[in-house]
Amino acid sequence: EAGQTVVVSAAAGATGSMVGQIAKLRGCKVIGIVGSDTKAQLIIDQFGFDAAINYKTEDVTAAVIAIAPEGVDIYFDNVGGPILETVLNHVNVGARIPFCGAVADYNNKQPQGPSNLFQIVTNSVRMQGFMTHLQLERYPEARGQLTAWMKAGQIKSLTHEYDGVARCGQAFADLFAGKNFGKTLVKV
């Protein structure tokens with residue numbers, strides 16, 4: 001809803017960048033969490049985010065408080081782990097958390113789940129897993145709307161491309177190391 005504050009993790013990736021742009025189109029204040037200053041500048045300049053937080057060089061708690069003193073209404077989570085724990089401390093009553101990924105745990109033998117899950121109860125937060133393949137019936141609607149926005153120049157899609165099948169392993173490793181921007185593609 002217009003006027004709400006939306007925080008997006010992995011905001012320079014394919015999913016995060018789209019989520020942020022859609023939230024801006026809906027009139028929201030949008031804050032992206034990224035892993036480099038280059039990505040922070042990218043989401044502001046290319047995707048229109050209001051602010052960016054580099055979790056590798058900034059204190060995320062202090063940054064969220066400074067940028068969103070009004071609290072967080074929606075947290076679109078692509079990473080889980082410590083970032084989720086931090087944002088949970090700043091969600092408003094009735095906040096929503098679409099949980100789309102857990103990049104922070106993909107390579108960990110011991111998951112880093114947040115220790116403050118009671119914040120969900122305290123603030124009556126709705127947290128729900130989000131997988132597009134469970135909503136196949138809405139694909140035509142989504143494709144039509146996204147295509148219209150792209151044709152009108154209202155949203156942008158960046159790709160990070162690799163040439164040849166031999167680069168698949170590198171593309172996959174770089175994706176999980178956060179070295180990509182936008183959608184990672186391997187051209188064959």
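The values are calculated or read from the model by the stated rules, or taken from the named source; none is laboratory data. Since we're looking at a predicted model, the values are computed, not measured. A quick note on method: Cβ atoms are made from the backbone with ideal geometry, for glycine too, and the neighbour counts reach across all protein chains shown. These accessible areas exclude ligands, DNA and RNA; they are computed on the full protein's heavy atoms, side chains included. Shrake-Rupley method; radii C 1.70, N 1.55, O 1.52, S 1.80 Å.
Worth pointing out:
- Leu146, sole failed condition from (1) open to solvent by 30 Å² or more (accessible area, probe 1.4 Å); (2) assigned to a helix (DSSP H, G or I); (3) without any contact (Cβ under 8 Å) to a residue 40 or more places away in the chain: (3)
- Checked against (1) farther than 20 Å from Val6 by Cβ; (2) aliphatic (A, V, I, L, M); (3) touching a residue at least 24 places away in the same chain (Cβ under 8 Å), Val121 passes all but condition (3).
- Every residue from region 83-98 that is more than 14 Å from Asp73 (Cα to Cα) and either modelled with pLDDT under 85 or open to solvent by 50 Å² or more (accessible area, probe 1.4 Å) (or both): Glu85
- Yes/no for Glu1 being among the acidic types (Asp, Glu), open to solvent by 40 Å² or more (accessible area, probe 1.4 Å), touching a Ser or Thr at 6+ places or on another chain (Cβ under 7 Å) and farther than 21 Å from Val103 by Cα: no
- Listed by first and then second residue, the pairs linking a residue in region 161-186 that is farther than 14 Å from Thr15 by Cβ to a residue that is open to solvent by less than 50 Å² (accessible area, probe 1.4 Å) and of a type in the set (Phe, Trp, Tyr), with Cβ atoms under 6 Å apart and 6 or more places separating them unless they lie on different chains, are Ala171/Tyr162; Val186/Tyr162.
- Asp77 being touching a residue at least 12 places away in the same chain (Cβ under 8 Å), surrounded by fewer than 19 Cβ atoms within 10 Å (Cβ to Cβ), among the charged types (D, E, K, R) and under 30 Å from Ala173 (Cβ atoms): no
- Region 149-174, subset under 18 Å from the mean Cα position of the chain (by Cα) and within 21 Å of Gln21 (Cα to Cα), residue most open to solvent (accessible area, probe 1.4 Å): Lys156
- Tally, over region 51-60, of residues that are under 14 Å from the mean Cα position of the chain (by Cα) and not in a strand (DSSP E or B): 1
- Just one of the numbered conditions (1) farther than 26 Å from Lys187 by Cα; (2) touching an Asp or Glu at 6+ places or on another chain (Cβ under 9 Å); (3) among the hydroxyl-bearing types (Ser, Thr, Tyr) is not true of Thr122: (2).
- Qualifying residue in region 31-50 (condition: under 21 Å from Ala95 (Cα atoms), at pLDDT 95 or above, part of a helix (DSSP H, G or I) and not aromatic (Phe, Trp, Tyr)): no
- Of all residues making up region 129-152, the number that are modelled with pLDDT of 95 or more, within 28 Å of Val91 (Cβ to Cβ) and among the polar types (S, T, N, Q): 1
- Scanning region 7-30 for residues that are closer than 15 Å to Ile155 by Cβ and either part of a strand (DSSP E or B) or open to solvent by 20 Å² or more (accessible area, probe 1.4 Å) (or both) turns up Val8, Gly13, Ala14, Thr15, Met18, Val19, Ile22, Lys24, Leu25, Arg26, Gly27, Val30.
- Reported count of residues in region 103-126, each being in contact with a strand residue (DSSP E or B) (Cβ under 7 Å, 6 or more places away or on another chain) and either part of a helix (DSSP H, G or I) or open to solvent by less than 70 Å² (accessible area, probe 1.4 Å) (or both), is 4.
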